[in-house]
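The values are calculated or read from the model by the stated rules, or taken from the named source; none is laboratory data. This is a predicted model, so every value here is computed, not measured. Glycine gets a Cβ as well: all are built from the backbone with ideal geometry, and neighbour counts include every protein chain shown.
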Amino acid sequence: CQHAVSSAMEGLLPDQLHPAYVLNFSVDPAKMDVNVHPSKIEVKFEEAQGIYAILKSAVRRSLGQYQLSPSLDFE
């Protein structure tokens, strides 16, 4: 999740700054594995690529909605 958010915000913030954010999404518990890391700080998703793409797209769309991301003007 962290990489998807960071990737969506690429170029908007200097590298040394890290935004605070909260994600709220639901995934079928049968499609995730919480036993990936001994201290349970990582979760592995069965459909990781799809979740990554959706999160990245949602962050970009949110930033675009409030005109926080740069846009191209071809005129």
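Out of everything in region 34-75 that is modelled with pLDDT under 85 and not in a loop (DSSP other than H, G, I, E, B), what residue ends up being farthest from HIS3 (Cα to Cα)? Across region 34-75, the extreme among qualifying residues is GLN65. If I filter region 1-33 down to residues being among the hydrophobic types (A, V, I, L, M, F, W, C) and in a helix (DSSP H, G or I), which single residue comes out as surrounded by the most Cβ atoms within 10 Å (Cβ to Cβ)? Only one residue fits best here, namely ALA4.
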